[in-house]
Amino acid sequence: MTTLTTARRLAAGIAGAAGLLLLAHHPALAEKPADYPTHPIRIIVPYAAGGGTDIIARTVGAALSRQLGQAVVVDNRPGGQTVVGYSIASKAAPDGYTLLLNNSAHSIQPALFKDLPYDAIKSFRGVAEIAAAPVVFVVDRKLPVTDLKSYLAYGRSAPARLNFGSFGAGTGSHLWGEVLASVTGLDMMHVPYKGSAPAIQDLIGGQINGLFVDPLAIKPHIQAGTVRAIGVTGPRRWKGLESVPTFAEQGYPQFADVGWFGLFAPAGTPDAIVNRLSAEVARAVAVPEVKAKLQELGTEPSGTTPAVFDAQIRKDADRWARVVAEKHITLQ
């Protein structure tokens, strides 16, 4: 045997050993997609337990666990305006065992945060949109308005400047308010709050004039008559809020989009695993009790493919980037 042949065999042996070592430390490569999953899956939710996103994660997670035959654990990691949870998820191995679940605020992150150790768009792959949800514009019930037309007329004639609250600077409730001001020409002052509860309470108390908010948080107050809903985003009227006209019906097609809740995987997760998870999400949201729970939360189950979801994410990111740039929105 020549020295060259011996060297080649030795190199091949080393390469093979290195390959086995890599497989041992990289489950996404070690497992065949057909074997996935072989142990519990973690879904990171970048908010505290109890909110709408958390409830959706637990509802869908329980269904996925039954379907996949493995535990699906929701891991709440609040903090830093979702940055804490995102940082953990972005550093996870791309093997399908650590996932991220968030709402459409995901598409706002790139426009607001410039110096993060991850990129919300590039560091993750969309797995599936779980459910879609409109955003409802509600106003102080004491205002002499019943729809968007009368609200605009009141705003243009009122002696005091109109204002709108939000769940915080840079949140979806803030950006939708800026869109309303832009497309209608209203001079509206933004009043940020630390979360939805104080904003809703001040709206009920008459301290602010209006608020963009999700159905889950505001529907009981609409039904109780403590606030008045005068517009809903999306292409059609929403189940459970059939009496509230869409913005498009009232002449403003700029509000044809809706919010969403979706599942993400770290960038680099194999197509086979992403596609398997996407198909399982579609199955899960079609289960009658899961579908009913999602609708109870004010959302409509969807279960889109990864390609469709990724396209929606990028479309939303482009839109919010324009709003942030035009309004010079920054986080203090």
- A325 to E249: FRET efficiency via 1/(1 + (r/R0)^6), r the Cβ-Cβ distance, R0 30 Å, to the nearest 0.05? 0.55
- Item | For region 136-255, share of DSSP beta bridges that run antiparallel, in % to the nearest 5 | 55 percent
- Where the centroid of each part is defined by its Cα atoms, how far is region 133-164 from region 49-83 in Å? 36 Å
- Note on the structure: Here the gain from full extension of A158 to M189, 0.36 nm per residue of separation minus their alpha-carbon distance, amounts to 9.8 nm
- Task: Give me the distance in nm between label points sitting 7 Å out from Cα along the Cα-to-Cβ direction at K114 and S150, one decimal.
- Result: 4.5 nm
- Given unit charges at Cβ for Lys, Arg (+) and Asp, Glu (-), the dipole magnitude of the chain about its Cα centre in debye, nearest 20, is 140 debye
- Query: Using only the Cα atoms, what convex hull volume per residue in Å³ does the chain have?
  - Reply: 143 Å³
- Query: For the chain, list the DSSP H helices whose alpha carbon atoms reach 27 Å or more along the long axis and whose average Kyte-Doolittle value is 1.0 or above?
  - Reply: 3-25
- Item | Rounded if a/c under 1.5, otherwise prolate or oblate - region 136-255, Cα gyration tensor axes | rounded
- Row for region 84-199, column shape: gyration tensor on C-alpha, a ≥ b ≥ c, rounded if a/c < 1.5 i.e. under 1.5, prolate if a/b over b/c, else oblate; value prolate
- Expressed in nm to one decimal, what extension gain is obtained for the pair R314 and R236 from 0.36 nm per residue of sequence separation less their Cα-Cα distance? 25.8 nm
- So, with +1 on the Cβ of K and R and -1 on the Cβ of D and E, and no other charges, what is the size of the charge dipole of region 136-255 about its Cα centre, to the nearest 20 debye? 180 debye
- the chain: relative contact order from alpha carbon pairs under 8 Å, six or more residues apart, as a whole percent, is 25 percent
- Message: If packing is taken as the average count of other Cβ atoms within 10 Å, what order do 64-72, 81-89 fall into, highest mean first?
- Response: 81-89, 64-72
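Any read-out appearing in this document is the output of simple, stated calculations on the displayed coordinates, not a laboratory observation. Owing to the predicted nature of the structure, the values given are computational and were not obtained by experimental measurement. No Cβ is skipped: glycine too gets one built from the backbone with ideal geometry, and neighbour counts run over all protein chains shown.
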